[in-house]
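Heads up, the thing below is written out as structure tokens.
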């Protein structure tokens, strides 16, 4: 994925249009110098926050509970 989003050789692959669109969106919408791989352990907190957001009821004014912590 990193290679497909960082360069154009995968543009001719089956998902090439998706890679081009994602690369364009990254360039247009973010100030990004490079794409790097972050281990799953480092994404644990972000993953748990996203999961909590998926279960959030929009009628709630606040999200209750503890922010997940990284327990290594």
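No lab work stands behind these numbers, since they all come straight from the coordinates. Being a predicted model, the structure only gives us computed values, none of them experimental. For neighbour counting, all protein chains shown are included, and Cβ atoms are generated from backbone atoms with ideal geometry for every residue, glycine included.
Could you say whether any residue in region 14-26 is outside any helix (DSSP H, G or I) and either touching a residue at least 40 places away in the same chain (Cβ under 8 Å) or surrounded by 11 or more Cβ atoms within 10 Å (Cβ to Cβ) (or both)?
Step one: list which residues in region 14-26 are outside any helix (DSSP H, G or I), which gives 14-15.
After this cut, where a residue has to be either touching a residue at least 40 places away in the same chain (Cβ under 8 Å) or surrounded by 11 or more Cβ atoms within 10 Å (Cβ to Cβ) (or both) as well, the list is 15.
Yes, the conditions are met somewhere in region 14-26.
Taken together, the residues in region 33-54 that are surrounded by 10 or more Cβ atoms within 10 Å (Cβ to Cβ) and not in a helix (DSSP H, G or I) amount to 1.
Listed conditions (1) within 19 Å of the chain's Cα centre (by Cα); (2) free of Cβ contacts under 8 Å to residues at least 24 places away in the same chain; (3) loosely packed, with under 11 Cβ neighbours inside 10 Å are all met by residue 57, apart from (1).
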